[in-house]
Amino acid sequence: MPKTIIISNRLPVKITKNNNEYQLSPSEGGLATGLGSIYKDGDNVWIGWPGLEVEDPQDQDTINQKLNDLSLLPVYLTQQEISEYYEGFSNEVLWPVFHYYASSYASYSQSNWDYYKLVNEKFKDAVLKVAEPGDTIWIHDYQLLLLPALVRNALPDVSIGFFLHIPFPSHEMFRLIPWRSELLEGMLGADLIGFHTFDDVRHFLSAVTRVLPVTSSANIISSNDRSIVVESFPMGIDEHKYATLPKQKEVIDQIKQIKESFKHTRLILSIDRLDYSKGILQRLEAYELLLNTHPEYINNITLYMIVVPSRDTVPQYQHLHDEIDKKVGSINAIYRTMDWTPVHYYYRSFPIEALSALYYSADVCLVTPMRDGMNLVSKEYVASRINNDGVLILSEMAGASKELIDAVIVNPNNIGEICRAIIEALNMPLVEQQARMQQMRQLVAKFNITHWVKIFMERLKEVKTLQRSMQTRHVSGATGQSIINRYAKTKKRLIFLDYDGTLVAFKSNVADASPDQELYLLLDHLTEDPANHVVIISGRKHENLNNWFDDRNIYLIAEHGAWHKQQNTRWHKIQGLSDNWKQDIYPIMETYVDRTPGSFIEEKTYSLAWHYRKAQKGLGELRANELIDNLKYQANDKGLQLLPGDKVLEIKNMEINKGKAALTLTTNEDYDFIMAFGDDYTDEDLFKALPDSAITVKVGSNISAAKFYLRSPTEVRRFLFDLTESTVLNDKSI
């Protein structure tokens, strides 16, 4: 039976050593809770680092036995590996860059990168010990970005999902990493790549299409003949656990203690791990501003701040810890009274029961990270508010802000705004609190951790089904041979060939894409067969096609069908068409040439094409969309059609299209084999116009009305050569 293998940097258990005895306790993290139902089922397994260095082989055997009973498989790391892979590359390159702190905290060490690769290889080796074809593998987070491709190369048939639990930065930030290409290639080993928010998806798609030679359509990336889907899956929590904890006796007792201790003040709760991305100092500054500008709140509010220790040995974190201590000390020194302390600050972790009591008791929860993938503290607070009261103040930079829209949303850099938000929260009427909290609690309950796991795994299955359907459509192997066999048996064939992007690769200068000797040889082979009627059907000017192919036995259709020509005859154009519209459209397009360096206008008989292949990547696409918006109403009024293509936007008479041009040939003759190749939007009309029996092939993409696809003009040429050779072999056998 296929199994599911979960891989993360850490195993979902805490291992401690007391009196030479290793003891295991379950982790209370959301990920461990959500994935518990998966890794504990059947032969499924969770692979990860056990959290401590274990050198002795006997100790490793002891731990292995204990972990094996829990369906856990450890990857042991040396202290050097932990230092360089985890503390070094993961937390001194990826963490600061992904959280937009590259200039302040990132350190690009070759040694760290070498160990990062080495440890990812170690994880791969652990996976290969248990993985088999047909298994599903789910890899988690930034410490293992290389692992999807490593596993893919070793086991091409497995299903691989990857989920990033931290934000993904903009392309401008991500490209600062010297090993950016390798990291992206590693991630593209997955079939499904998940992020918390759509912004992260957008940033990843931008980075991967700019850094790597891959293409994307919507949220699907095409790489090495594989379709990789990129989507957002907002992570939830174990909502049921947090909603029931306040009803347990131990928590109820702690709630009573909190209420007694703070009976004369309103409680503002802040819980974070020690990290520069959490905005802790800015939060304290906002609280200090509140006490300074609104003295009426002195003695009436208390900030209960928990900072969970993290990476204490790192100088930047030590410095942050010191700064927090100083700021808390300063606020308390200035504003403390005999019976009131403005900030209750705890630098330690709390058991979940104590956290539940605080969530239940706090009037306001202050969650203001500078950048956060999701931030589950906000959802834990909401789930704990079983009376539907309380106010959540949430940073717009946290992924949760895209879901918990009924929170008071703030910019974490705006100290004044946070200060005003606290005042708003403290004065919010109970009716409004309840209306907001009910909406958020319903959302947190529905989109819980179980739901998150379920939709990710379901989507991964869908992606594999999509990939298999695409594999059957690629013209290779048995599929290609089937077409070749059919071609060889037929006696009257019609073959439509688009030019740019189909027979020749795109050039930065459109004038450079002239036929080479190999293409002429290919066309000669095709046209030498008397059974073949070869048609080049292109958006090119008829003058171009005439210069290149006039002396060959090829039917030429130019400018999407506006012009056509049989060999040894003159060119004919469609009658009754007007080009008067150009005088209105050309000046508009010219303004976009002026605003977009590298773009230019190509004028044809009945169309105008705005090319932006030489324009800055991103800018050309932006201007093309603007131009479409600008022209679409005039186009409708004048009977024109807008055709977005590969780095080109063409506007032409609606009566002209490749489909209509093809129909004039298919309806007059009785062909027993019709085949068409094309690469862009204009060729879709051709594919749709041909009969169902026709073989239609899209080049460079598998999203099309065409039945099959090829990856490049190189593949098209190779396949057409195979076709011509099949008839030669067939003739010899006869």
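So, for the range 379-494, what is the accessible surface per residue at a probe of 1.4 Å, expressed in square angstrom?
44 Å²
Using alpha carbon centroids, what distance separates the range 120-196 and the range 237-267, in Å?
Cα centres, the range 120-196 to the range 237-267: 40 Å.
So what is the accessible area of the range 63-177 per residue, in Å², with the probe set to 1.4 Å?
36 Å²
When the dipole is taken about the Cα centre of the chain, and only Lys, Arg (+1) and Asp, Glu (-1) are charged at their Cβ, what size is it in debye, to the nearest 20?
It comes to approximately 1060 debye.
Here is the link list: Lys573/Lys647; Lys14/Lys326; Lys604/Lys698; Lys278/Lys454; Lys573/Lys652; Lys492/Lys707. Which ones come out longer than 23 Å on Cα distance?
Correct reply: Lys573/Lys647; Lys14/Lys326; Lys604/Lys698; Lys278/Lys454.
Given [x] 105, 66, 44; [y] 82, 73, 57; [z] 121, 70, 55, which label gives Cα extents along the principal axes in Å as computed from the coordinates?
[x]
Given the protein chains as shown and a 1.4 Å probe, how many square angstrom of His240 are accessible, to the nearest 10?
It works out to around 130 Å².
Between rounded, prolate and oblate, where does the range 294-373 land on the alpha carbon gyration tensor, with a ≥ b ≥ c its root eigenvalues, rounded for a/c under 1.5, else prolate if a/b exceeds b/c?
The shape class here is oblate.
Helix-derived [θ] at 222 nm for the chain: sum -39500 (n - 2.57) over DSSP H runs of at least 4, divide by residue count, nearest 500?
-13500 deg cm²/dmol
So for the chain, averaging the separation of alpha carbon pairs under 8 Å that are six or more residues apart and normalising by length, what relative contact order in percent results?
It rounds to 9 percent for the chain.
Can you tell me how much longer the chain between His264 and Leu212 gets when fully stretched, taken as 0.36 nm per residue apart minus their C-alpha distance, in nm with one decimal?
Between His264 and Leu212, full extension yields an extra 12.7 nm.
Over the range 125-203, what is the mean sequence separation of C-alpha contacts under 8 Å (at least six apart), divided by residue count, expressed as relative contact order in percent?
Worked out over the range 125-203, it gives 36 percent.
Using a 1.4 Å probe and ignoring any ligands, DNA or RNA, find the accessible area of Glu462 and quote it in Å² to the nearest 10.
The value for Glu462 is about 100 Å².
Residue by residue through the range 569-580, what is 3J(HN,Hα) from phi via Karplus (6.51 cos²θ - 1.76 cosθ + 1.60, θ = phi - 60°)? Round to whole Hz and write x for glycine and proline.
Result, rounded to whole Hz: 10, 8, 6, 10, 10, 5, 8, x, 9, 10, 10, 4.
Under the definition of Cα pairs under 8 Å and six or more residues apart, what whole-number percent is the relative contact order of the range 319-472?
Result for the range 319-472 is 18 percent.
Students often check this: by mean Cβ neighbours within 10 Å, which of 20-26, 227-233 ranks highest, and how do the rest follow?
Going from most to least packed, we get 227-233, 20-26.
Can you classify the range 353-438 as rounded, prolate or oblate using the Cα gyration tensor, where a ≥ b ≥ c are the square roots of its eigenvalues, rounded means a/c under 1.5, and otherwise it's prolate if a/b beats b/c and oblate if not?
Oblate is the answer for the range 353-438, as a/c is 1.5 or above yet b/c matches or exceeds a/b.
What figure in square angstrom, to the nearest 10, would you give for the accessible area of Arg210 with a 1.4 Å probe?
The value for Arg210 is about 100 Å².
How much length would be gained if the chain were fully extended between Leu176 and Arg595, taking 0.36 nm per residue of separation minus their Cα-Cα distance, in nm to one decimal?
Length difference between fully extended and current span is 148.0 nm.
Whole Å is fine, so just give me how far the alpha carbon centre of the range 46-62 lies from that of the range 546-620.
68 Å
Using per-residue counts of other Cβ atoms within 10 Å, averaged over each peptide, order 134-143, 593-602, 494-503, 307-316 from highest down.
By packing density, highest mean first, the sequence is 494-503, 134-143, 593-602, 307-316.
Where does each of 276-285, 347-356 land if you order them by average Cβ count within 10 Å, highest first?
Those peptides, ordered most packed to least, come out 276-285, 347-356.
Compute the angle between helix 352-361 and the longest alpha-carbon principal axis of the chain, please, reported from 0 to 90 degrees and rounded to the nearest 10.
90 degrees
The values are calculated or read from the model by the stated rules, or taken from the named source; none is laboratory data. Predicted model, so just to flag it, every value in this text is computed and none were measured. Here the Cβ is made from the backbone with ideal geometry for all residues, glycine too, and neighbour counts use every protein chain on show. Calculation scope for accessible area: heavy atoms of the full protein, side chains included, ligands and nucleic acids excluded. Shrake-Rupley method; radii C 1.70, N 1.55, O 1.52, S 1.80 Å.
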